[in-house]
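Data block below; observations after.
The values are calculated or read from the model by the stated rules, or taken from the named source; none is laboratory data. Remember, predicted model here, so these are calculated numbers, not experimental data. Cβ coordinates were reconstructed from backbone atoms using ideal geometry, including for glycine residues, and neighbour counts include every protein chain displayed. Note: accessible area is taken over every heavy atom of the protein model, side chains too, but ligands, DNA and RNA are not part of it. Shrake-Rupley method; radii C 1.70, N 1.55, O 1.52, S 1.80 Å.
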Amino acid sequence: MPDLAAARQAKSKIMDTVLSTSDARHVAGIGLREQDDGWVVRINLREDDDDTRQKIPSEIEGVPVVVEVTGIIRAQPTAGTTLQAERDTHSGSHGRMRLLLSIAALLVIIAASTTLIALA
């Protein structure tokens, strides 16, 4: 039953071996996962590759290694966030440009208001 500290050590060791090889291009990520009987190192592969699988040990320092094919992993914005709303209403760089222009206009209004207050 590996604890979290042992799993972290195993992950560090496996990152040094797996990610330092040419097979690293097949790896989408390496992480830790808690299971009923303790912690495991989880290696996510972009694609199923027999050569890469053969180089990954099933256990390292007493910690099991689980290999799963996940494909490419990309960060996704959370539904309802500003980023999501921005993406839904505007496309790509146009949305960012519109946001920057809105911020610039707001700063001009604040500066003008501050100047008027100072002159009064």
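Some observations on this one:
- Check on Asp23, modelled with pLDDT under 85 and among the acidic types (Asp, Glu): yes
- Meets criteria (open to solvent by less than 30 Å² (accessible area, probe 1.4 Å), modelled with pLDDT under 80 and not aromatic (Phe, Trp, Tyr)) for Gly80: no
- Among (1) modelled with pLDDT of 75 or more; (2) under 24 Å from the mean Cα position of the chain (by Cα); (3) not in a loop (DSSP other than H, G, I, E, B), the one test that Ile72 misses: (3)
- Residue among Glu47, Glu34 that is closer than 24 Å to Ala75 by Cα and either without any contact (Cβ under 8 Å) to a residue 24 or more places away in the chain or not in a loop (DSSP other than H, G, I, E, B) (or both): Glu34
- Selected residue (criterion: farthest from the chain's Cα centre (by Cα)) from residues of region 1-27 that are free of Cβ contacts under 8 Å to residues at least 24 places away in the same chain and farther than 20 Å from Trp39 by Cβ: Ser22
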